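Heads up, the thing below is written out as C-alpha cells.
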C-alpha cells in the first residue's frame with residue numbers, strides 16, 4: 001500500500017517575509033544602502049522594495065538620507081496621544097472618535113481616550129489625567145469655553161502639545177470647521193427656501209445657539225443670520241432671535257416647542273441650529289405640533305440620523321452642513337505628528353465642509 005507523502009503546511013505571508021529580508025539585510029550590512037543594491041542582493045522586485053522601504057521609513061524603522069540611501073535607525077518609542085472626546089452620547093463626537101481610532105491604528109499611534117461627557121469639570125479632570133499619564137500630545141474636544149484656559153494652562157505647563165477641536169484653547173493649535181462660513185452656507189440655504197416656498201416672506205429667524213462654546217462656535221449662528229440677510233435684506237432686526245439650545249436634542253425640543261406655542265399664527269419660521277442634535281430636537285417639536293409646513297430647519301454636522309430625517313417626506317429639516325467627520329482622524333494624527341517633529345503648522349487648520357440637502361443626499 002502506497003504511503004502518501006505529506007508536507008508540513010506553513011502559514012507564511014509572502015510580502016511580510018520579503019519585508020523582513022530587506023530589514024535583516026540592512027541590519028547585517030550596518031551601513032547606508034541604495035534601493036538598487038537592496039534589490040540586487042534580495043532579488044525582490046524594485047516596486048516591492050521601494051514600497052517596503054517607504055513603509056519602514058514612515059513607521060520609523062529606517063531613515064532615508066538626502067542622497068537617497070536607506071539605513072536602520074534605533075526604533076523610537078511608540079507615540080501615545082490623549083484624546084478627550086466631547087461626549088459618547090453625541091453622535092458627531094462618536095464619529096470623530098471612530099475616525100481618530102482608525103487613523104491612529106493605521107500609523108501605529110496609541111490612543112488614551114477619555115470621555116469629557118459634555119461637562120466642564122469632567123474635561124478638566126481628564127486633562128489632569130493626560131498630564132499624569134505623560135502622553136506625547138493631547139487632542140481636546142470639549143464644549144465649555146469657560147474651562148478652556150484652565151485646560152490649556154495645565155497641558156502647556158507639562159510641555160505637552162495641544163490640539164483643540166472646534167473650540168479654541170489657549171496654547172493650542174486649532175482644528176475644525178470654519179464656524180462662520182458653515183453658518184453662512186446654512187443661512188443661505190434657509191433664505192433660498194423662503195424665496196422658493198414662501199414668496200420670500202419670513203416671520204421669524206431662530207438661531208439655536210451653543211453659548212457656552214464661546215464666540216467662535218456662536219459665529220455659526222451669526223453667519224447663518226448673515227446668510228439669510230444676504231437674500232432678504234429687508235428683514236427687520238427684531239425677527240432674528242437667538243436661543244441657547246446647548247447643542248442638545250431634548251433642550252432644543254423644549255425651547256422650540258415653547259416658542260411655537262407662543263406664536264401659534266406665524267407661518268414662516270426659519271431655524272438655524274448649531275448642531276444636528278439641536279436641529280433634530282427642533283424637528284421633534286415641530287412635528288409634535290403639526291407645524292411642518294410652517295418651519296424650515298438647517299443643522300450642522302450631517303450625522304446619520306439627520307440624513308435619515310431629511311429623506312422623510314415633507315420633513316422640516318431641509319439641510320445640514322457636513323463637517324466630514326471621517327476626515328478628522330487622519331488630519332488630526334498628521335497634524336499631531338507634525339507638531340511632535342517640531343514643524344511649523346498654521347494656528348488655525350480648517351476641515352472641508354459641504355452643504356447637504358434632500359436633493360444632494362444621493363451624492364453623500
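The values are calculated or read from the model by the stated rules, or taken from the named source; none is laboratory data. Just so you know, these numbers come straight off a predicted model, no measurement behind them. Cβ: placed from backbone, ideal geometry, glycine included. Neighbour counts: every protein chain shown.
Please report, ordered by residue number, the helices (runs of 4 or more DSSP H) entirely within the stretch 261-345 with at least 3 residues that are assigned by TED's automatic domain parsing to the domain that holds residue 172, touching a residue at least 24 places away in the same chain (Cβ under 8 Å) and closer than 21 Å to residue 100 by Cα. Before the answer, list the steps.
Numbers: elements: 276-288, 304-310, 328-340.
Counting at least 3 such residues, we get 328-340.
If you check residue 168 against the conditions, is it part of a loop (DSSP other than H, G, I, E, B) and within 20 Å of the chain's Cα centre (by Cα)?
Working: part of a loop (DSSP other than H, G, I, E, B): yes; within 20 Å of the chain's Cα centre (by Cα): yes.
Yes; evaluated as a whole, the condition is true for this residue.
Name the pairs whose Cβ atoms lie under 8 Å apart, with the first residue in the stretch 1-23 and assigned by TED's automatic domain parsing to the domain that holds residue 49, the second part of a loop (DSSP other than H, G, I, E, B) and modelled with pLDDT of 85 or more, and 6 or more positions between them or separate chains?
Short answer, once both residue conditions are applied: 18/44; 21/44; 22/44; 23/61.
When you look at residue 202, is it modelled with pLDDT under 95 and touching a strand residue (DSSP E or B) at 6+ places or on another chain (Cβ under 9 Å), yes or no? Lay out the reasoning, then the answer.
Working: modelled with pLDDT under 95: no; touching a strand residue (DSSP E or B) at 6+ places or on another chain (Cβ under 9 Å): yes.
No.
Consider the stretch 44-96. How many of its residues are part of a helix (DSSP H, G or I), closer than 30 Å to residue 141 by Cα and at pLDDT 90 or above? Talk me through it step by step, then tell me what you get.
Of the residues in the stretch 44-96, the ones part of a helix (DSSP H, G or I) are 46-59, 91-96.
When the remaining residues are screened for being closer than 30 Å to residue 141 by Cα, the result is 58-59, 91-96.
With at pLDDT 90 or above added as a condition, the list becomes 91-96.
Of the residues in the stretch 44-96, 6 are part of a helix (DSSP H, G or I), closer than 30 Å to residue 141 by Cα and at pLDDT 90 or above.
Kindly provide the set of residues from the stretch 136-157 that are surrounded by fewer than 23 Cβ atoms within 10 Å (Cβ to Cβ) and out of contact with any strand residue (DSSP E or B) (no Cβ under 9 Å at 6 or more places or on another chain), ordered by number.
144, 145, 146, 147, 149, 150, 153, 154, 157 - these are the residues of the stretch 136-157 that are surrounded by fewer than 23 Cβ atoms within 10 Å (Cβ to Cβ) and out of contact with any strand residue (DSSP E or B) (no Cβ under 9 Å at 6 or more places or on another chain).
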